[in-house]
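First comes the structure, then the notes that go with it.
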Amino acid sequence: MPQHVDRPEQVETSGALARSTPDVPPATPARRTGRAYYYPNVSDAEWNDWRWQFKNRVTRLDELAEKLPIPEEELHARREVLADFRMGITPYYLSLIDADDPNDPLLRQVVPLADEYYFRAVGEEDPLGEEKFSPVPGITHRYPDRVLMVISNNCAIYCRYCTRKRTMYDGATPDVEIDRMVDYIARTPQVRDVVVSGGDPLNYSNQKLESILSKLRAIPHLEIIRIGSRVPVALPQRIDDELVEMLQRYHPLWVNVHYNHPRELTPEAARACDKLSRAGIPLNNQAVLLKGVNDSVETVKQLCQGLMKMRVRPYYLYQCDPVRGAEHFRTPISKGIEIIEGLRGHTSGLAIPTYVVDAPGGGGKIPIQPQYLLRYDEQKGRAVLRNFQDNIYEYLEPGYLRDPMRPPLARPSESEVEVEAQAPASDELAPQAPPVVGKSRWVHKGATARRTPKD
């Protein structure tokens, strides 16, 4: 007797039945991102070991091509780029990149692109003139009371817009050079603040880093030590208990971190920053404005608000330096002003960084802000101001400041202040300005003040 085999029913699909069957959309393919996609066979012990992360960085183009699609026509250009400026991407940071998005904002920061090859002759090797202000190798003394101390020439990841590309070569900074930097600070009493940078100082072992910090802390006139690092962004596993216990022995010590995009604010990054904060180390963020990465109000707002939740203060938003090979990252200054203006009044002032241009040739950081003071007449003591909603306000300074007969520290009488408060506003202050919607009309009444109604 033949064996019975169950077969699927044949369903009639013609006519009304077929028309009434809803279409089933095709399944959306899973995004190619995350640890499970890039490193499915790596154990938790390996993944959480910062030494394993550092050792297994992607540093060659053939390794990168196994992880991310690279257009065939761009292989030559990208090889040429790596012959000029090396690549390093930790497995952790690579896992944050979306392999299906060639314009992924994290990818653009660390993967050599053809644009870098096309702009290889555009820009400066030392756009900030650091070497011009270098009394000894590794020290930049541009400001009166503080110095930059570059103690390392390697990083966990290599940012493609790095202003110190010229120094990112193989080999550690010799101890003798570091000792000369420390000696310069020790014999320069006006230096009260040092920024220890690189490269990345946190790539060093605890023992090596502590040997440097202990020498700096032994200098009597050196008040503040700051460390500039992108390790909390690219290698958060490095921020372990042993490291922070060592760092907190050298207070007052600050750490400046470098997050550029809200997708870098991962649970791992938050834990790293939390460890540093709990050790009493204040954290400031120094972001760089980069085309195709964070050049929008919403992206920077999400970044700054996310940093605040991690107890990291948004400190600076840098205009991208005109370093060689980074022209494709640079935005107009108007974009930075637009972003700051889009933040002001729409988020906490604590979440608004100072937008700065580091002046070419060594001029230092110059703050650039939207214009809110439309006109100021010091003699008349009147100012025309604009708020974040584009409303115009007139502000009146105390009248006694403009009385040449009054001694500088004399207090005005109550009657004098009453007269000033009732003085009509000047139409000559800003004849072309929009109508004034508010005025400062403060009347002094003993120990308190009340505001008079608007005219």
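Structural remarks
- Residue in region 330-340 that is over 14 Å from the mean Cα position of the chain (by Cα) and at positive phi present: no
- Pair list, Cβ < 6 Å and 6+ apart or interchain, from region 304-332 residues that are under 18 Å from TRP254 (Cβ atoms) and free of Cβ contacts under 8 Å to residues at least 60 places away in the same chain to residues that are of a type in the set (A, V, I, L, M, F, W, C) and in a helix (DSSP H, G or I): MET308/ALA351; MET310/ALA270; MET310/CYS273; VAL312/CYS273; PRO314/CYS304; PRO314/LEU307; PRO314/ALA351
- You will find that of ASP321, ASP295, ASP274, the residue that is touching a helix residue (DSSP H, G or I) at 6+ places or on another chain (Cβ under 6 Å), at pLDDT 95 or above and not aliphatic (A, V, I, L, M) is ASP295 and no other.
- Residue count for region 110-147, restricted to those that are outside any loop (DSSP other than H, G, I, E, B), in contact with a helix residue (DSSP H, G or I) (Cβ under 9 Å, 6 or more places away or on another chain) and within 23 Å of LEU202 (Cβ to Cβ): 4
To keep it simple, each residue is scored yes or no on (1) outside any helix (DSSP H, G or I); (2) surrounded by fewer than 21 Cβ atoms within 10 Å (Cβ to Cβ); (3) among the β-branched types (Val, Ile, Thr).
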position: CYS273; (1), (2), (3): no, no, no
position: GLY280; (1), (2), (3): yes, yes, no
position: ALA287; (1), (2), (3): yes, no, no
position: VAL293; (1), (2), (3): yes, no, yes
position: GLU298; (1), (2), (3): no, yes, no
position: LEU303; (1), (2), (3): no, no, no
position: TYR318; (1), (2), (3): yes, no, no
position: HIS328; (1), (2), (3): no, yes, no
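- Hey, HIS221 within 20 Å of ASN154 (Cα to Cα), in contact with a helix residue (DSSP H, G or I) (Cβ under 9 Å, 6 or more places away or on another chain) and not assigned by TED's automatic domain parsing to the domain that holds ASP104 or not: no
- Members of region 312-325 found to be of a type in the set (A, V, I, L, M) and more than 17 Å from the chain's Cα centre (by Cα), listed by number: VAL323
- Among the candidates ARG278, ARG249, ARG230, residue that is closer than 19 Å to LEU106 by Cβ and either assigned by TED's automatic domain parsing to the domain that holds ARG330 or among the charged types (D, E, K, R) (or both): ARG230
- Screening region 114-146 for residues that are touching a His at 6+ places or on another chain (Cβ under 7 Å) and under 27 Å from LEU209 (Cα atoms) and picking the one that is surrounded by the fewest Cβ atoms within 10 Å (Cβ to Cβ) gives PRO135.
- Residue in region 147-161 that is within 24 Å of the chain's Cα centre (by Cα), surrounded by fewer than 17 Cβ atoms within 10 Å (Cβ to Cβ) and either under 19 Å from ARG60 (Cα atoms) or at pLDDT 95 or above (or both) present: no
- The condition (being of a type in the set (A, V, I, L, M), modelled with pLDDT of 95 or more and surrounded by fewer than 16 Cβ atoms within 10 Å (Cβ to Cβ)) is satisfied by just one residue among LEU401, LEU350: LEU350.
- When the residues of region 189-199 are filtered to those that are touching a strand residue (DSSP E or B) at 6+ places or on another chain (Cβ under 8 Å) and either assigned to a helix (DSSP H, G or I) or modelled with pLDDT of 95 or more (or both), the one that is surrounded by the most Cβ atoms within 10 Å (Cβ to Cβ) is VAL196.
- Flag if VAL255 is in a strand (DSSP E or B), in contact with a Cys (Cβ under 8 Å, 6 or more places away or on another chain) and of a type in the set (A, V, I, L, M): no
A quick yes/no check of all residues on (1) surrounded by fewer than 13 Cβ atoms within 10 Å (Cβ to Cβ); (2) modelled with pLDDT of 95 or more:
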position: VAL5; (1), (2): yes, no
position: VAL11; (1), (2): yes, no
position: ALA18; (1), (2): yes, no
position: PRO26; (1), (2): yes, no
position: ALA30; (1), (2): yes, no
position: ASN41; (1), (2): yes, yes
position: ASN48; (1), (2): no, yes
position: GLN53; (1), (2): no, yes
position: THR59; (1), (2): no, yes
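- Of all residues in region 353-393, those satisfying the criterion of being surrounded by fewer than 16 Cβ atoms within 10 Å (Cβ to Cβ) and over 29 Å from the mean Cα position of the chain (by Cα) are ARG375, TYR376, ASP377, GLU378, GLN379, LYS380, ASN391.
- Test for LEU82: is it in contact with a helix residue (DSSP H, G or I) (Cβ under 9 Å, 6 or more places away or on another chain) and part of a helix (DSSP H, G or I): yes
- Of the residues making up region 353-368, those that are modelled with pLDDT of 95 or more and in a loop (DSSP other than H, G, I, E, B) are PRO353, ILE368.
The values are calculated or read from the model by the stated rules, or taken from the named source; none is laboratory data. If you're wondering where the values come from, they're calculated on a predicted model, not measured in any experiment. Ideal geometry is used to build each Cβ from the backbone, glycine not excepted, and the neighbour counts take in all protein chains shown.
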